[in-house]
Amino acid sequence: MYEHLDELEAESIYIFREAFNKFDHLAMLYSVGKDSTVMAHLVRKAFFGKIPFPLVHVDTTYKYPEMIAFRDRMVKEWAAELVVGRNEEAIAAGMGPEQGRMRCCEKLKSEGLAQLIEQHDFKGLFLGIRRDEEGSRAKERVFSPRDKNSEWAYKDQPPELWDQYNTSFSADTHVRIHPILGWTEINIWEYIAREKIEICPLYFAAEGKRFRSLGCMPCTGPIASTASTLEEIIAELRVIKDPERAGRAQDQESDYAMQKLRAKGYM
Amino acid sequence: MNLSDSLKIVIVGHVDHGKSTLIGRLLFDTGSIPEKRYQEVADTCRRQGRPFEFAYLMDALEEEREQNVTIDTTQTFFQTSKRPYVIIDAPGHKEFLKNMITGAACADAAILLLDGIEGVREQTRRHAYVLSLLGIRQVIVAVNKLDMVDFCREVFQQAENEIRAFLHTLDIVPTYVVPISARSGENIAAAQGGTVWYNGPSILSALDTFENLRADTRLAFRLPIQDVYKVGTRRIYVGRVATGSVEVGTQVTFLPSGRATKVKSIERWPQGGAQVAGAGESIGLTFDEEIFVERGEVLAPSNDLPIVTEEIKAGVFWLGKRPLQKGETYTLKLATAEGSAVCVDIEERLDSSTLEVIERHAAELHGSESGTVIFALKKAIAADLYLENGPLGRFVIEDNFLIGGGGTVRDLTAAEGSQKAQVIRLDDHFATEPDGNMIDLTRSRGSIEFVVTGRFGDRLAAGERVLFKLRGPKQIEPVALLAYEHNFCFTFSREEDFIALVLFSTAKPATQTAAADIAI
């Protein structure tokens, strides 16, 4: 039977293949989290075991050591190319969350990413954002054009009809491609369980705590949980009262924090 | 795991008739909103000194909340005991019609929301028209804000009559008309005592009766080729099955190239080896022989092909900033095919609110307008009529890099030489048809030619009749031509999914011996 997860998978594969056909300089943002690890699996499904474009990781230097170890191991296992980008100038100047969380995100993540795009002349970038994560992401298109400053014209997005996407762009823009936009957090975990995908160990509970969303150490907190298996995590998510990104401090900075960050090129 | 087919629903209606509130209520009543998120909205509302706004759960952008209007389409999720739902919130304001259509295009079903006191308004009509353009047939009309009139039955009935009469003009018959209050929750998940006079289903139970129509395996097999990958020494043709299903060994034809072959294997990663693949699946295929075709070709069963065309007549809705102009060249994308298309005529330009024809043979179609448009393609493509096969019968038009509008194919002219007319020898058919004198053309496409032998005319003259089963009115023409040339008569009637045409003759039998001959 053709089930909801089958449909999500098929749609994501279709999107990867569309982008691969239409764009030359592609890359996939690999944040080491569950969503981008699921994306890597979908890429291998789409291209019969290969990852035919580089994986990009924006390193803020504030990531958990477990994340870096997991990243390096998986990249090797998948025989993928990894490009690590850092905003060295901002890091050298001592940028950190104590100078303002939104400012830190903008410098180390948004700008770090913009620098990478420019250095490598990436024309298309896959991102693992999902509509159910947060309100401004819910409004996204699958193929979302950005100007040369990476800005998102969220008030005037082009139409996207059926499975036809905007795939022609002028030379000074890049496009953000969102292959798992329609997945929910539970879909991701159900799919991880179904496909037996290996996931960063920080997601599983140890000593009564686990991470539900992974990010930088100073701004990401674990939740109280005893869920140490995939089945327990899925059961926990069915009854949990908090939103997924509750442990991400930058989201809580102001009423429209994420919209403002994202308009300027945040993921 | 509790998985089943999901249903995508779009919620449309006039601005301020309560779409975002209804969605907030659906999410709340199905327990789909994390309590923190609810608290967050409650806090924001308190800070801004207004009562709790369900709409804030959907209208996340600052501009949307400040101006109390939905700007862009949102998708969100809830689950009933039956299945998961994706709700598409579509902006009601005219300015944001492109966002509304973006949202509505992928829906299986729609809730058309109507303020019971205000009744049918401009955007109600426009949105209903979009539903008919997109071919959405599973429709619930929700008559809202009845708490404001103490759930007065007469107010509801008046609104119901008005909307039914209007939808009738669009050929839409709403499956349900439900009296609700999105704010108080009446008839959303269940009745709450306000509408004691109503005994139909609530919104949620009505939705549970609808069907997922996105991956239809009952239609003919269509696979638009997305790309060709070289994996090892093999060429794998990849794509997403649009409709129908395919099996290893099926005799298939690529169009427009016309190359025919057999399916050798169905490829997936990490395990291949499946014998069958159905609508909605992203797959790879290999074939018995080396074939070189490109993206844009459509793979179909050799005995049930789409039409190869260089001219498309379509219902077009235009969303671009610049108008669609007669004589201009655009890029037309249909399934995975794309190419240059000249807009040769805008036959009718409609007012999409009143649906009146504003102009015939117009020079331009402006943003938010729709009409009947003819495109001439530089290169032939394979397509179906929208009513027969949705995914192969719809397309987008690109203007200046971006999608400027969409269209649904109403008529196709088969490209010259692309498909030979199907020749039907009437004597043969006539003699071999096991269930009597019946000729079934419901699976035939393209043009048909009849070759008649003398014996056929004699048998009709002897009083026999032949039933032709036709797929549509266009097939009447070749039969009528046959009747004209040979001086036969016919009658026809419209059946549920075909046209029954009976051919007979009123001529006298030529000679006694000839008639006796046939009787043997």
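The values are calculated or read from the model by the stated rules, or taken from the named source; none is laboratory data. Only a predicted model underlies this, so the values are computations on that prediction, with no experimental measurement involved. Glycine also receives a Cβ, built like all others from the backbone with ideal geometry; neighbour counts cover every protein chain displayed. Quick note on the areas: whole protein, heavy atoms, side chains included, nothing else; ligands and nucleic acids left out. Shrake-Rupley method; radii C 1.70, N 1.55, O 1.52, S 1.80 Å.
Assorted remarks:
- Residue check for B:Arg137: away from every other protein chain (no Cβ under 14 Å), free of Cβ contacts under 8 Å to residues at least 40 places away in the same chain and within 30 Å of B:Pro391 (Cβ to Cβ): yes
- In the range B:477-496, the condition of being assigned to a loop (DSSP other than H, G, I, E, B), open to solvent by 30 Å² or more (accessible area, probe 1.4 Å), modelled with pLDDT of 85 or more and acidic (Asp, Glu) is met by at least one residue.
- A:Asp242 passes every criterion in (1) touching a strand residue (DSSP E or B) at 6+ places or on another chain (Cβ under 9 Å); (2) closer than 28 Å to B:Val86 by Cβ; (3) surrounded by 20 or more Cβ atoms within 10 Å (Cβ to Cβ); (4) not assigned by TED's automatic domain parsing to the domain that holds A:Leu116 apart from (3).
- Single residue of B:Val86, B:Val139 found to be open to solvent by less than 10 Å² (accessible area, probe 1.4 Å), at pLDDT below 90, outside any loop (DSSP other than H, G, I, E, B) and in contact with a Ser or Thr (Cβ under 7 Å, 6 or more places away or on another chain): B:Val86
- Of the criteria (1) in contact with a Pro (Cβ under 7 Å, 6 or more places away or on another chain); (2) modelled with pLDDT of 85 or more, which one B:Ile9 fails: (1)
- When the residues of the range A:66-90 are filtered to those that are touching a strand residue (DSSP E or B) at 6+ places or on another chain (Cβ under 9 Å) and assigned to a loop (DSSP other than H, G, I, E, B), the one that is surrounded by the most Cβ atoms within 10 Å (Cβ to Cβ) is A:Asn87.
- Pairs, first farther than 8 Å from B:Ala300 by Cα in the range B:212-224, second among the hydroxyl-bearing types (Ser, Thr, Tyr), C-beta under 7 Å, six or more apart: B:Asn212/B:Ser6; B:Ala215/A:Tyr2; B:Asp216/B:Thr243; B:Thr217/B:Ser245; B:Leu219/B:Thr243; B:Pro224/B:Thr336
- From B:Leu355, B:Leu334, residue being in contact with a helix residue (DSSP H, G or I) (Cβ under 8 Å, 6 or more places away or on another chain) and closer than 16 Å to B:Ile312 by Cα: B:Leu334
- Scanning the range A:11-26 turns up no residue that is open to solvent by 30 Å² or more (accessible area, probe 1.4 Å) and under 15 Å from the mean Cα position of the chain (by Cα).
To keep it simple, each residue is scored yes or no on (1) in contact with an Asp or Glu (Cβ under 7 Å, 6 or more places away or on another chain); (2) modelled with pLDDT of 75 or more; (3) at the interface with another protein chain (Cβ under 9 Å from one of its Cβ atoms).
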position: B:Leu3; (1), (2), (3): yes, no, yes
position: B:Gly13; (1), (2), (3): no, yes, no
position: B:His17; (1), (2), (3): yes, yes, no
position: B:Thr21; (1), (2), (3): no, yes, no
position: B:Glu40; (1), (2), (3): no, yes, yes
position: B:Ala55; (1), (2), (3): no, no, no
position: B:Glu66; (1), (2), (3): no, no, no
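- Failed condition for B:Glu338, given (1) within 14 Å of another protein chain (Cβ to nearest Cβ); (2) farther than 23 Å from A:Ala19 by Cα; (3) among the acidic types (Asp, Glu): (2)
- Conditions (1) within 14 Å of chain A (Cβ to nearest Cβ); (2) open to solvent by 10 Å² or more (accessible area, probe 1.4 Å); (3) within 27 Å of B:Pro51 (Cβ to Cβ): number failed by B:Ala105: (3)
- Pairs linking a residue in the range A:1-18 that is farther than 13 Å from A:His178 by Cα to a residue that is of a type in the set (Lys, Arg) and outside any helix (DSSP H, G or I), with Cβ atoms under 9 Å and 6 or more positions apart or on different chains, are A:His4/B:Arg83; A:Glu7/B:Arg214; A:Ala10/B:Arg240.
- Qualifying positions in the range A:136-164 - within 14 Å of chain B (Cβ to nearest Cβ) and open to solvent by 20 Å² or more (accessible area, probe 1.4 Å): A:Pro145, A:Asp147, A:Ala153, A:Tyr154, A:Lys155, A:Asp156, A:Trp162, A:Asp163
- The residue list B:Gly280, B:Gly272 contains one member that is on the phi > 0 side of the Ramachandran plot, in a loop (DSSP other than H, G, I, E, B), out of contact with any Gly (no Cβ under 6 Å at 6 or more places or on another chain) and not polar (S, T, N, Q), which is B:Gly280.
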